[in-house]
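A.B. asks: What follows is a single structure, and I will ask about it in a moment.
The values are calculated or read from the model by the stated rules, or taken from the named source; none is laboratory data. Values in this document were obtained by computation on a predicted structure and should not be read as measured data. Don't worry about glycine lacking a Cβ; one is built from the backbone with ideal geometry, like all the others, and counts go over all protein chains shown. SASA here: full protein model, heavy atoms, side chains in, ligands and nucleic acids out. Shrake-Rupley method; radii C 1.70, N 1.55, O 1.52, S 1.80 Å.
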Amino acid sequence: MSTHTEHYHFLDLVRAIGILQVVLFHVVFGVFSYGGSDAALALIEQLPTWMTFAWQPFGVDAIFLVSSFLLTSTLLDEHTRLGRIDVRSFVLKRLSRILPLYYLALLLFQLGSPFDPLQFALSAVFLGVTLGVGNVIPVGWSMEVMMLFFLLMPALLTLILKCTRPLLILGLAILITTGSRVAYLHISDISAGRVFLDTYQSLPASDAAKHLYYHPWFRLPPFLVGMGLAIAYYRASSSAVKHSWRGLGFAGLFMIIICCYTPVHIEDAWLYRLPEPVLVVYFGSSITIFSVGLSMVIWNSLVFGAKWMSPLGQACKTISQCIFGIYLFHMPFLALAAVMVLRSTDRAQLATISAAQTWMIFTLTAIFSIIFAQLLLRYIEIPIMKLLRRLSS
């Protein structure tokens, strides 16, 4: 088995790659959202094939999976030591970790947008997107998904651990949630081929596409896969005999590459020549395929170690530990970086953006966001977390 340090170094790497891919995706998303169809078509022509991963929204699923794995592992340790899970302590820690920056972001973004009392109130209790009124924070939907799942996690894990075959139960849950995505897409009034294309061509996204992307139920697979990975690794760590296969990691990497390099943004690509039922299954199950593949790669790193990670360890940790700050506040820095690189506030300039300019915008956004998030971590997150936990003890 790997050492504890190697274990966390690799998970920090996955989270760092995940959040940076989210930033890059939002750079691309910003071009076709604000530049219109001309900018979208120009960007599709400008970005090389090797950058196909930039069009894929899988970074957030990597973050969901790793967060679920880490929290489940913590709860399993506690359950073994105490024979139970301290729900109050768990919830308090999650609230003290998420609420300070979330409410700061909520207030700041509200200052820059028209005030909708219902949207603001539901955003404050993490139900805005779930109940269909939207979230004040541009990326608030994912914070809602995480908060809702984390609040349910202690009860869900307690229930699963009472079963004689918890991994089988989790496997069935993953199949059910994935199957519900496929079934929903099948009965919806949109062709599966338009799920991504409408957005990438600056057309209004369908209700079906929005529900599949934003609704908490449809985003459950990476969380459930993360829980299953934690339980499997915890059992393997406690066993005298450890079984694994190095090829598992390569198989998982192959699944990740397939998901990240499927040309969802090109209308005449081979993907959209596949039969409609195949597209329904793929788009309905893609986040599960990606999550399972990533879990296989992580499993190999846990079992065999990742000594090659040592030189990258501190850099990845720096990004990973302030991930909420980067995620919540990178959008304004993205806009600033775009103005700096394009030297204009004219949206028409987005139609002339090059691959080099895309990378420059991404790099500046990432740098600004990491610096700002580190300041938030030091002067807001850590002090408030310490205060809240001191008051509760």
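A.B. asks: Looking for whichever is out of contact with any helix residue (DSSP H, G or I) (no Cβ under 6 Å at 6 or more places or on another chain), closer than 30 Å to Thr80 by Cα and hydrophobic (A, V, I, L, M, F, W, C) here; the options are Leu159, Leu224. Which one fits?
C.D. replies: Among Leu159, Leu224, only Leu159 is out of contact with any helix residue (DSSP H, G or I) (no Cβ under 6 Å at 6 or more places or on another chain), closer than 30 Å to Thr80 by Cα and hydrophobic (A, V, I, L, M, F, W, C).
A.B. asks: Return the pair list, or none, for Cβ contacts closer than 9 Å from residues in region 171-182 that are free of Cβ contacts under 8 Å to residues at least 40 places away in the same chain to residues that are hydrophobic (A, V, I, L, M, F, W, C) and open to solvent by 40 Å² or more (accessible area, probe 1.4 Å), at least 6 apart or on different chains.
C.D. replies: Close Cβ pairs (under 9 Å, with a partner that is hydrophobic (A, V, I, L, M, F, W, C) and open to solvent by 40 Å² or more (accessible area, probe 1.4 Å)) amount to Ser180/Trp217.
A.B. asks: Let me ask another. Just to check your reading of the model, which residue among Leu220, Leu212, Leu224 is open to solvent by 20 Å² or more (accessible area, probe 1.4 Å) and within 17 Å of the chain's Cα centre (by Cα)?
C.D. replies: Only one candidate qualifies: Leu220.
A.B. asks: Let me ask something else about it. Could you tell me whether Gly112 is at negative phi and modelled with pLDDT of 95 or more?
C.D. replies: Spelling it out, it is not the case that Gly112 is at negative phi and modelled with pLDDT of 95 or more.
A.B. asks: Have a look at Val264, Val195 and point out the one that is assigned to a helix (DSSP H, G or I), open to solvent by less than 80 Å² (accessible area, probe 1.4 Å), modelled with pLDDT under 95 and of a type outside the set (Ser, Thr, Tyr).
C.D. replies: It is Val195.
A.B. asks: Residue by residue through region 287-334, note down the ones that are free of Cβ contacts under 8 Å to residues at least 40 places away in the same chain and touching a helix residue (DSSP H, G or I) at 6+ places or on another chain (Cβ under 8 Å).
C.D. replies: Ile289, Phe333
A.B. asks: Also, I was wondering about something else. Being open to solvent by 40 Å² or more (accessible area, probe 1.4 Å), at negative phi, at pLDDT below 90 and within 25 Å of the chain's Cα centre (by Cα): is that true of Ser238 here?
C.D. replies: For Ser238, the condition - open to solvent by 40 Å² or more (accessible area, probe 1.4 Å), at negative phi, at pLDDT below 90 and within 25 Å of the chain's Cα centre (by Cα) - is not met.
A.B. asks: Of all residues in region 43-59, how many are assigned to a loop (DSSP other than H, G, I, E, B) and closer than 20 Å to Val292 by Cα?
C.D. replies: 3
A.B. asks: Still on this structure, I have one more. Among the candidates Ile298, Ile287, single out the residue that is buried (at least 20 other Cβ atoms within 10 Å of the Cβ), touching a Pro at 6+ places or on another chain (Cβ under 8 Å) and not hydroxyl-bearing (Ser, Thr, Tyr).
C.D. replies: Among Ile298, Ile287, only Ile287 is buried (at least 20 other Cβ atoms within 10 Å of the Cβ), touching a Pro at 6+ places or on another chain (Cβ under 8 Å) and not hydroxyl-bearing (Ser, Thr, Tyr).
A.B. asks: Let me ask another. Consider region 207-228. How many of its residues are under 25 Å from Ile44 (Cα atoms) and either touching a Lys or Arg at 6+ places or on another chain (Cβ under 7 Å) or modelled with pLDDT of 90 or more (or both)?
C.D. replies: The number of residues fulfilling the criteria is 3.
A.B. asks: Quick one: in region 9-21, which of the residues that are of a type in the set (Val, Ile, Thr) and open to solvent by 10 Å² or more (accessible area, probe 1.4 Å) is nearest to Trp55 (Cα to Cα)?
C.D. replies: Applying the filter and picking the extreme gives Ile17.
A.B. asks: Okay, next question. Only residues that are under 16 Å from Arg219 (Cβ atoms), of a type outside the set (A, V, I, L, M, F, W, C) and open to solvent by 40 Å² or more (accessible area, probe 1.4 Å): list them for region 166-192, please.
C.D. replies: Tyr184
A.B. asks: Could you name every one of the helices (runs of 4 or more DSSP H) located completely within region 82-181 that has at least 1 residues being within 21 Å of Leu334 (Cβ to Cβ) and over 21 Å from the mean Cα position of the chain (by Cα)?
C.D. replies: Result: 87-111.
A.B. asks: Looking only at residues that are of a type in the set (Gly, Ala, Ser) and in contact with a helix residue (DSSP H, G or I) (Cβ under 8 Å, 6 or more places away or on another chain) in region 349-364, which one is nearest to Ile17 (Cα to Cα)?
C.D. replies: Ala355
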